[in-house]
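Data block below; observations after.
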Amino acid sequence: MELNLPVADSFDPDFRPTALDVRATRILLQHVGLPTELILLILDFARYWTSCTTFRASKLCLLDWNHDLNHSSTVAYLSAPVSLRPTSTGETPKIREIEFCILSHDQGWTSEFTQNKYKTSSWFEVSIVRGSPSRMLGDSTRTSGTNSSCMPRNVAMFADVERARAHCKYVEFVRRPDEGMEEQRTHCREMIRVFRDESQGEMPLEEGMHAWWLQGNRVVTATGDPDRWARRENAVENRVKWGCRAAPAWEGNEGAGKGEGFVDSLKDGDCVVLWARVKRRGWENHVYEASISVRYTMGPSGTKEVKAERY
């Protein structure tokens, strides 16, 4: 069978196929006699996946007004829904990849010897929340793709993710499967432990139990007046990409987390919650926008999972 396929004049790296595109490509490959398992493997190898993006562009500034040695602030900046329900055509989506894009910067000065490094106390992390985290976020969000987003109306500030977890009693925070401390949290002891008042009987906890380190702000030294540093033109865009067992992938800089087990822990109805965080006296986190893109493969229900190996 001879196929006369059009040849594109150029390649758009930002192109994302729709579910209809994926279905049409799969049917085309079936016509040349390829089995379904091989077709899905080819689509995974080509990363020919649909994408649902949730986006927020709203200025948020986390800082220490009281110059408290035990300062710690956490705000859920953005939430992205996960839907793995079968479609009306009998196809089952499976998550293959998640990509985060953040525009932000820190306070623009430091008294430590960490300039231009990622040994920072101004960072982002992500949690998997089962149930609606509608009381954690702001309303300046929008979603593109096939899924709707549960976008709340109010903003709540917590000391850390463990405080948020204790406060939000009607949702479940998924525990990070790796029991070890993530490397990015180990540059000082304050970043390892959750601040607790042990005189009040509170048990000390470790950071990162119910959140994955996503991205640290690079420590920079501003030129000129630091008070004039908090401007959008000084923000840096960071992109982080995490894959799954079936389609391994990682992209990011030295300040990015590895995301081990994150994508494979996601289930239907979960929400991916992006936290903006600061800790320790003097540290700030200025956030201007962020997006979360969840990418899915689409295949007939009951199809055997095959891992796409790259050589």
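Which one of Ser127, Ser134, Ser111 is of a type in the set (Gly, Ala, Ser), modelled with pLDDT under 65 and either surrounded by 13 or more Cβ atoms within 10 Å (Cβ to Cβ) or assigned to a loop (DSSP other than H, G, I, E, B) (or both)?
Going through Ser127, Ser134, Ser111 in turn, the sole match is Ser134.
Select, from Leu62, Leu41, Leu69, the only residue that is surrounded by 20 or more Cβ atoms within 10 Å (Cβ to Cβ), over 11 Å from Met298 (Cβ atoms) and at pLDDT below 95. Give the steps one after another, and end with the answer.
Values: Leu41 fails: surrounded by 20 or more Cβ atoms within 10 Å (Cβ to Cβ); Leu69 fails: surrounded by 20 or more Cβ atoms within 10 Å (Cβ to Cβ).
After ruling out the rest, the residue left standing is Leu62.
For the condition part of a loop (DSSP other than H, G, I, E, B) and at pLDDT 90 or above, what is the one hit in Arg196, Arg239, Arg176?
Values: Arg196 fails: at pLDDT 90 or above; Arg239 fails: part of a loop (DSSP other than H, G, I, E, B).
Checking each option against the conditions leaves just Arg176.
Within the range 47-106, which strands (runs of 3 or more DSSP E) (wholly inside it) include 2 or more residues that are in contact with a Pro (Cβ under 9 Å, 6 or more places away or on another chain) and closer than 21 Å to Leu274 by Cβ?
50-62, 72-81
Report whether or not Glu233 is outside any loop (DSSP other than H, G, I, E, B), surrounded by fewer than 22 Cβ atoms within 10 Å (Cβ to Cβ) and assigned by the TED database to the domain that holds Asp106. Walk me through it before giving the result.
On the way: outside any loop (DSSP other than H, G, I, E, B): yes; surrounded by fewer than 22 Cβ atoms within 10 Å (Cβ to Cβ): yes; assigned by the TED database to the domain that holds Asp106: yes.
It is true that Glu233 is outside any loop (DSSP other than H, G, I, E, B), surrounded by fewer than 22 Cβ atoms within 10 Å (Cβ to Cβ) and assigned by the TED database to the domain that holds Asp106.
For Arg96, all conditions in the list (1) of a type in the set (D, E, K, R); (2) out of contact with any strand residue (DSSP E or B) (no Cβ under 7 Å at 6 or more places or on another chain); (3) buried (at least 19 other Cβ atoms within 10 Å of the Cβ) hold save one; what is the number of the exception?
(2)
What are the pairs with Cβ atoms under 8 angstrom where one residue, in the range 168-193, is closer than 16 Å to Asp270 by Cα and the other, located anywhere, is assigned to a loop (DSSP other than H, G, I, E, B) and of a type in the set (S, T, N, Q)? Sequence gap at least six, or different chains.
Val171/Ser132
The values are calculated or read from the model by the stated rules, or taken from the named source; none is laboratory data. Quick caveat: nothing in here was measured; it's all calculated off a predicted structure. When we count neighbours, we look across all protein chains shown, and the Cβ atoms used for this are built from the backbone with ideal geometry, even at glycine.
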